[in-house]
Each structure stands twice: as C-alpha cells, then as structure tokens.
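Engineer: Structure provided below as structure tokens; questions to follow.
The values are calculated or read from the model by the stated rules, or taken from the named source; none is laboratory data. Computed from a predicted structure; not experimentally measured. Here the Cβ positions follow ideal geometry from the backbone for every residue, glycine too, while neighbour counts run over all protein chains shown. Protein only, heavy atoms only, side chains kept; ligands, DNA and RNA dropped before computing areas. Shrake-Rupley method; radii C 1.70, N 1.55, O 1.52, S 1.80 Å.
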Amino acid sequence: MTGSDREQLASMAGKARDAMGVEALDVLADRGYFSGEEILACEAMGVTPYVPKPLTSGAKAAGRFGKQDFVYQPDQDVYRCPAGALLPRHMTTVEKGMTLHRYWDRASCTGCALKPKCTPAVERRITRWEHEAVIDALQTRMDLAPRAMRIRRRLVEHPFGTIKAWMGQTHFLMKRLPNVKTEISLHILAYNIKRMMAVLGTQPLMKAIRA
Ligand code: SF4
C-alpha cells in the first residue's frame, strides 16, 4: 500500500481502462497525481492523462521567472530564455532513477538586464527530464482543453462532497484498511443506488435490475 496519490495514476487508470473494456482512455486527475513517471507509464499503456502541474516553482514564488518562461527547442536541444538567449545542454545526472539534463549559458547571463528577475546565481540553470517531452505534450493538451478540469470537478468531486455530507463531520467508523474499504464501498454503493433512482426513477430501475 502507498499513502501517496502521486504513485497511483497509472495503476488506477489501468484498472479503469480494464473495467470499461476499452483500448484507449482519457484520464483527468487533479494536481496531486502529477508525476512524470506515472504520466509516462499512462502513455505507454494507451491512456492519455490530463493532470495540471503542481505550482511549486520556488523562483516563481520569489517573483522571478519560472521554468514555464523558458521554451524548449527540440530541434536544437536548447532552451530559449526570456531574454531570447539559447541555453545549451551542459551535463546529465541521475537522481532517484531519473535521468536529468541541465541547460545554461553563463556568457548570456553575465550582464543580462533581466538577471534580477531570473536568478541570484551566476547563471540560470534549467533542468529537463529525459522524458520531459511527455510533460510538454500534456501541457499542450491542457492548454487546448481549458474546460477539462472544470468538468472533472463537476463530475468527480460532487459524489465525494455528497458522501461526506451524508457521513457528517466524522471519521470512518471502522479501523484497519480492509474494514475501511468495506465501509467506503457501502457508502459508494448507497450513493450509486440513490443516484440511479434519481436519474432513472425507482420503477424503471427495479425493472432494469430484474432484466
Ligand atoms: S539571466 Fe540568463 S537565463 Fe535569465 S533571462 Fe538573462 S540570459 Fe536568460
């Protein structure tokens, strides 16, 4: 078991795809599920993820340019910075199993008029994961589907809000994971039955169950 949503995206997407019996699937998740490795794993299994990036840029929080202000140029394998300079790749490291490339150009940063808005260091360095193209493609999809996350909130968060309202301001009554799983399963079953009654009507639902 893992307590983190960040490691769950691909496995949950795979289960959803199998349960629906489809080959390809679009998956919408909130930013808590954002993980480059999970997004890569989704794409490998034919699942197209839509997940917003976490807002964790320290530079942006400090009022400086964030990484999103630097544009990767795949044909030259360089980043174009906000001042228009091209930052070539200088080194590669492996951290937590991820191969990371680093880009910078000290000559451009020296004397750059935008430097106070960019970095307090000698030069600004940009890090790129070897599979970052999947993150770039994800960002493009997100930009082209601005309503996607609103739809997700409307469809996905409503049931959980309703279930929480039914439960009241309380914890689960059961202890230990198998028991809690049963408790939440009963809540979800009750929600689904009430929802079907509301959408179909009691009589048509009974008829459909008997059929
Ligand atoms: S400090 Fe360097 S990376 Fe930042 S805008 Fe200036 S030239 Fe570009």
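Engineer: Check the range 45-55 and report whether any residue there is more than 16 Å from the ligand (Cβ to nearest atom), of a type in the set (Gly, Ala, Ser) and not assigned by TED's automatic domain parsing to the domain that holds Arg6. Full working, then the answer.
Structural biologist: Step one: list which residues in the range 45-55 are more than 16 Å from the ligand (Cβ to nearest atom), which gives 45-55.
From what is left, the residues that are of a type in the set (Gly, Ala, Ser) are 46.
Applying the additional criterion that residues be not assigned by TED's automatic domain parsing to the domain that holds Arg6 yields none.
No, the range 45-55 contains no residue that is more than 16 Å from the ligand (Cβ to nearest atom), of a type in the set (Gly, Ala, Ser) and not assigned by TED's automatic domain parsing to the domain that holds Arg6.
Engineer: Got at least one residue in the range 84-98 being open to solvent by less than 50 Å² (accessible area, probe 1.4 Å), assigned to a strand (DSSP E or B) and within 7 Å of the ligand (Cβ to nearest atom)?
Structural biologist: Yes.
Engineer: For the range 16-31, which positions are under 12 Å from Cys42 (Cβ atoms) and in a helix (DSSP H, G or I)? Show your work before the answer.
Structural biologist: Of all residues in the range 16-31, those under 12 Å from Cys42 (Cβ atoms) come to 16-17, 24-29.
Residues satisfying the conditions are Ala16, Arg17.
Okay, residues lined up against (1) of a type outside the set (Ser, Thr, Tyr); (2) touching a Ser or Thr at 6+ places or on another chain (Cβ under 8 Å); (3) on the phi > 0 side of the Ramachandran plot:
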residue: Glu43; (1), (2), (3): yes, no, no
residue: Tyr50; (1), (2), (3): no, no, no
residue: Leu55; (1), (2), (3): yes, no, no
residue: Asp75; (1), (2), (3): yes, no, no
residue: Met91; (1), (2), (3): yes, no, no
residue: Lys96; (1), (2), (3): yes, no, yes
residue: Thr99; (1), (2), (3): no, yes, no
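Engineer: Give the residue, chosen from Lys194, Lys117, that is within 30 Å of Ala83 (Cβ to Cβ), out of contact with any helix residue (DSSP H, G or I) (no Cβ under 7 Å at 6 or more places or on another chain) and open to solvent by 50 Å² or more (accessible area, probe 1.4 Å). Step through it out loud before you land on a result.
Structural biologist: Details: Lys194 fails: within 30 Å of Ala83 (Cβ to Cβ).
Of Lys194, Lys117, the one residue that is within 30 Å of Ala83 (Cβ to Cβ), out of contact with any helix residue (DSSP H, G or I) (no Cβ under 7 Å at 6 or more places or on another chain) and open to solvent by 50 Å² or more (accessible area, probe 1.4 Å) is Lys117.
Engineer: Examine the range 177-199 for a residue that is part of a loop (DSSP other than H, G, I, E, B), farther than 23 Å from Ile209 by Cα and out of contact with any Cys (no Cβ under 9 Å at 6 or more places or on another chain), and state whether such a residue exists.
Structural biologist: No, the range 177-199 has no match at all.
Engineer: Quick check on my filter: what residues within the range 66-81 are more than 25 Å from Met149 (Cα to Cα), in a loop (DSSP other than H, G, I, E, B), within 16 Å of the ligand (Cβ to nearest atom) and open to solvent by less than 50 Å² (accessible area, probe 1.4 Å)? So that I can check it myself, show each step before the final result.
Structural biologist: Applying the first criterion (more than 25 Å from Met149 (Cα to Cα)) to the range 66-81 yields 72-81.
Adding the requirement that they be in a loop (DSSP other than H, G, I, E, B) leaves 74-77, 81.
Pick out the ones that are also within 16 Å of the ligand (Cβ to nearest atom) and you get 76, 81.
Cys81 - this is the single residue of the range 66-81 that is more than 25 Å from Met149 (Cα to Cα), in a loop (DSSP other than H, G, I, E, B), within 16 Å of the ligand (Cβ to nearest atom) and open to solvent by less than 50 Å² (accessible area, probe 1.4 Å).
Engineer: List pairs: first residue in the range 32-53 and open to solvent by 30 Å² or more (accessible area, probe 1.4 Å), second residue of a type in the set (Asp, Glu) and part of a strand (DSSP E or B) anywhere in the structure, Cβ distance under 6 angstrom, at least six positions apart or on different chains.
Structural biologist: Taking only residues 6 or more apart or on different chains, the pairs are Thr48/Asp26.
Conditions tested, residue by residue: (1) among the β-branched types (Val, Ile, Thr); (2) under 14 Å from Phe65 (Cα atoms); (3) without any contact (Cβ under 8 Å) to a residue 24 or more places away in the chain.
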position: Glu95; (1), (2), (3): no, no, yes
position: Arg106; (1), (2), (3): no, no, yes
position: Lys117; (1), (2), (3): no, yes, no
position: Val122; (1), (2), (3): yes, no, yes
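Engineer: Additional query: Search the range 124-159 for residues being of a type in the set (Lys, Arg) and without any contact (Cβ under 8 Å) to a residue 40 or more places away in the chain, and hand back the single one that is nearest to the ligand (Cβ to nearest atom). Explain how you work it out, then say what you get.
Structural biologist: Filtering the range 124-159 down to residues of a type in the set (Lys, Arg) leaves 124-125, 128, 141, 147, 150, 152-154.
Restricting the remaining residues to those that are without any contact (Cβ under 8 Å) to a residue 40 or more places away in the chain gives 125, 147, 150, 153-154.
Working: Arg125: 9, Arg147: 34, Arg150: 34, Arg153: 36, Arg154: 40 Å.
Here the answer is Arg125.
Engineer: So which of Ala59, Ala107 is over 16 Å from the mean Cα position of the chain (by Cα), surrounded by 14 or more Cβ atoms within 10 Å (Cβ to Cβ) and not in a strand (DSSP E or B)? Break it down into steps so the answer makes sense when it comes.
Structural biologist: Numbers: Ala107 fails: surrounded by 14 or more Cβ atoms within 10 Å (Cβ to Cβ).
Testing whether each residue is over 16 Å from the mean Cα position of the chain (by Cα), surrounded by 14 or more Cβ atoms within 10 Å (Cβ to Cβ) and not in a strand (DSSP E or B) leaves just Ala59.
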